[in-house]
Amino acid sequence: MEKFGEKFLSNGNVLFIDTASDNISACLAQNGKIICSMSKQGGALENMFGILNEIFAAASLNARDVSAFGFCQGVGSILGIRTASAALSTFRAANKNSVCFAWNLLKTYAQILKASRSEFAILCPSRKNFANLLAFENGKTIEKEIASSEIQGIKLPKYFVEQRKSADKNFENLERVFFNATEIAEFLLKNEDFAYVCEPSEILDAAVLAKREYVKWNSPAHS
């Protein structure tokens, strides 16, 4: 992780936005204090820029006044995360001396939960019939993708991050947990080491736990 001075989140205007789910949320901090926040149900392409406009209008600021642009890298909606990453990287390029940073959803949720729970499993949807899992047990953390059919066999207290509607019955009857951008910002302002600061030309892709598989395109099948 590149370091950008001491306490870079606590100085200047810092934007936080989470587009990893259908519950988009954003907030703006000024010198370490949250000054406004917004949230909206829906997709990032349709709603992200509207939320940003509302945030800047409420704070009487614009993107040129922001010193650090932060977003949730996932796991979650790949389209939503890529939309935020591309947009904030563009703001950074147009705003000299600003930076982009990102936080990992599962790792950040785990740190917040550790304040009140000794062991747990955090789950959220992945591919069809699969789930993303972070398990914290006996002081050790495991992150991986599992078949959703394995969820009921997990003996730890289970917390479900419902990022989108799912017909998968394996996610039913799980305790739901959600931390909006303001709650994440309050954590990161006190724990800056959990914010990954991008290199000046770096544009982060969405984080995934699934094994990436590439197949050769079969042109006759698409003709």
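Some values worked out for this structure:
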read-out	value
Residues satisfying the stated conditions in the stretch 148-173, i.e. assigned to a strand (DSSP E or B) and either over 22 Å from the mean Cα position of the chain (by Cα) or within 21 Å of G43 (Cα to Cα) (or both)	F160
Filter pass, N23 being in contact with a strand residue (DSSP E or B) (Cβ under 7 Å, 6 or more places away or on another chain) and closer than 29 Å to K144 by Cβ	yes
Contacts under 8 angstrom Cβ, first residue in the stretch 98-109 being among the aliphatic types (A, V, I, L, M), partner open to solvent by 10 Å² or more (accessible area, probe 1.4 Å) and assigned to a helix (DSSP H, G or I), 6 or more apart	V99/F8; V99/R92
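The values are calculated or read from the model by the stated rules, or taken from the named source; none is laboratory data. Values in this document were obtained by computation on a predicted structure and should not be read as measured data. All Cβ positions, glycine included, derive from the backbone under ideal geometry; neighbour counts span all protein chains shown. Side chains are part of the model used for accessible areas, which takes the heavy atoms of the whole protein and leaves out ligands, DNA and RNA. Shrake-Rupley method; radii C 1.70, N 1.55, O 1.52, S 1.80 Å.
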